[in-house]
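Single-structure report; data block below.
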Amino acid sequence: MKTIGISAVILSLFLTGTVSAQLIAIKTVPLATGDQFLIYPSQYMGMGDVSIAWDDSLLDPFINPAKGARNKTTLFAISPVYYNIADDNGSALTAPFSALFRYGDWFGTLSACMQELQLSGFNSGLAGLTIPLSDRKATNFYTFASLGKEFLDSRLAFAGAIGWSKLHAMDGVELLYADSRGLKQNGKTFDLRMGFLADLEHHSLEALVLYNRLDMTHNVTYRDWRPDLVYGFVPFDRVEKNLDYTRTWGLSLGYMFRLPEKGWNLGAIFTANKKSHPKIPNYSLMQIPRDPGTSNAYNFGFGFARTFADRATFAMDFIYEPIWSYTWADAIEPVTTRSGGTIAPGNITVENDFWFSNKIFRLGFNKVNKRVDFQMGLQIHYIGYRLKQYDHVAERFRMQRENWFEWSPSLGFVFKLEYIQIRYMARLIFGTGRPGVAGFGVRPTWGWRGSTGEDSFALSQRGNADFLLAPSGALTLVDTRVLTHQITVSMPLFD
């Protein structure tokens, strides 16, 4: 059975709501992964990530580098983040440093980020077995840089950006290796972007082309048994090496119509992602070797923002995401089918057709005051898919439908000092946790041999990660919650 790497899903979640417009996450299980990729400053993240008809001057240049043209000064920002997944399911402390600079018609960004991850405290396969500290702690490092230029009296802007990261862990991956005694992760990401922006009197048009690459290696330790003449059987540790590669090409278009005299902004977006998965890990949750797969993901969205007397703003986004994914497994050696036939090496043994019909709804409110601004928001993410599975070995066909909601309320404050602005944002994520497959009586089979899970490219500046495994039965879920705090301090470097 084939699945798309969980690491790819987590990486899709890459830049939270706004970035999800560029990197579309594929997710077949409601796995709690946290805000690992919340690594850039934001001006309005407390508004539930509304972005289609509302500009975020701090975050936007890290998504579409051409939007850095809207910043007319040079400033520096630090934006530390801490998140915790309840019930000892993981946490992280992130320290990003960013600069947005301007020199005449030239503009750009620089960012560097250090991160320490604390992974899940319990092995999902062996109940009560505590994972060694060396396998729970991991450090990651992220960098990003962009450079652009304005033309035609600042009406047009072009910019390019490059991002690179060194990863020693992707949050949530450890939960997909049931029965393992240890997991070492190592890899990197590469992100290349070319952006365009046209700001006219009442209209703006943007375009972005991107290429994103993920290369991860998972060295998984399992406890096996071998025959012994004296003791019968003795235990030994076996290390299995799994590769997780994903390649994404993306195109994103955006349009906004402004009526400043009436306080209205109207916007629309379109995004297309073409993904290939040349290497997919053999997660023990699946117990079926996986081979390459492909995905085509799209989103169509519209939004509006209404500002009242320059003091209060209400904004809303709605996004529809149709996604098609096809994964399969190849025979490594001749396989005998149920009716006595033979599948030759290299031929397909299992095919999975996924069709997703996802929806995202966001609401945001911002109240401007003299010293302290107030923000609040809500994001509701509906994920629903249909799986058609063709098992050529068992010679059977089955169909499965799954759906769930992920809720994310947020709250923010902006403290305005003479030269410094301090922003605080907090958000909760409900509707995710430790998923499993129904069976073994009333207990979920998450972490049992023979159970299956899923992986997907979410964004969530939640990250670009894909969790695309095909479950063997109806999903179950042990709920948990994710609580994230971000503090952003921004200041101009020059008067």
### Ranked His381, His168, criterion: other C-beta atoms within 10 Å, fewest first
His168, His381
### Task
Pop a pseudo-label 7 angstrom from the Cα along the beta-carbon direction at both Asn219 and Asn369 and give the gap in nm to one decimal.
5.4
### Highest average packing first - 394-403, 231-240, Cβ atoms within 10 Å
394-403, 231-240
#### Entry: Modelled FRET efficiency - R0 41 Å, Ala344 with Val234, Cβ distances, 0.05 increments
0.60
### Message
I'd like the Karplus ³J(HN,Hα) series for the range 152-164: coefficients 6.51, -1.76, 1.60, θ = phi - 60°, whole numbers in Hz, and an x wherever there's a Gly or Pro.
### Response
6, 6, 6, 7, 10, 8, 10, 7, x, 9, 9, x, 8
### Query
So if we plug the beta-carbon distance of His168 and Met399 into 1/(1 + (r/R0)^6) with R0 = 56 Å, what FRET efficiency do we get, rounded to 0.05?
0.90
### Message
Can you tally the net charge around Met47? Count Lys and Arg as +1, Asp and Glu as -1, for every other residue whose Cβ sits under 14 Å from the Cβ of Met47.
### Response
-1
### Summary
Nearest-0.05 FRET efficiency for Tyr320 and Leu93 at R0 = 41 Å, using Cβ-Cβ distance, is 0.70
## Note on the structure
Residue by residue through the range 299-306, the couplings from Karplus 6.51 cos²θ - 1.76 cosθ + 1.60 with θ = phi - 60°, in Hz, x for Gly and Pro, are 9, 10, x, 9, x, 9, 9, 10
#### Entry: Amide H within-cut-off set for Asn358, under 5 Å, with H built and near neighbours excluded
Glu321, Ile323, Gly384
### Task
Mind putting a number on the dipole of the range 171-254 about its Cα centre? Charges go on the C-beta only, +1 for Lys and Arg and -1 for Asp and Glu, and I need it in Debye to the nearest 20.
440
### Task
Pull out the extension gain between Leu417 and Lys188, defined as 0.36 nm times the separation in residues minus the alpha carbon to alpha carbon distance; nm, one decimal.
78.6 nm
### Message
Can you tell me the length gained on complete extension of the stretch Ala207 to Ala268, counting 0.36 nm per residue apart and subtracting the Cα distance?
### Response
20.7 nm
### Summary
Once both label points are put 7 Å beyond Cα along the C-beta direction, the Ser276-Tyr103 separation in nm becomes 3.9
## Note on the structure
Sequence order, the range 377-386: Karplus ³J(HN,Hα) from phi using 6.51 cos²θ - 1.76 cosθ + 1.60, θ = phi - 60°, Hz rounded, Gly and Pro as x, gives x, 8, 10, 10, 10, 9, 10, x, 8, 10
#### Entry: Zone residues, the range 378-422, relative to Ala312, backbone N less than 14 Å from point 7 Å out along Cα-to-Cβ
none
### Cα centroid separation - the range 293-369 against the range 54-116, whole Å
26
### Task
Mind listing the long-range amide H neighbours of Ala169? Cut-off is under 5 Å, sequence gap 5 or more, other chains count too, H placed in the peptide plane at 1.01 Å from N.
none
### Spin-label model distance (nm) - Thr73 vs Ala112, 7 Å beyond Cα toward Cβ
2.5
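Any read-out appearing in this document is the output of simple, stated calculations on the displayed coordinates, not a laboratory observation. Note that the structure is predicted; figures quoted are calculated from it, not measured. Cβ: placed from backbone, ideal geometry, glycine included. Neighbour counts: every protein chain shown.
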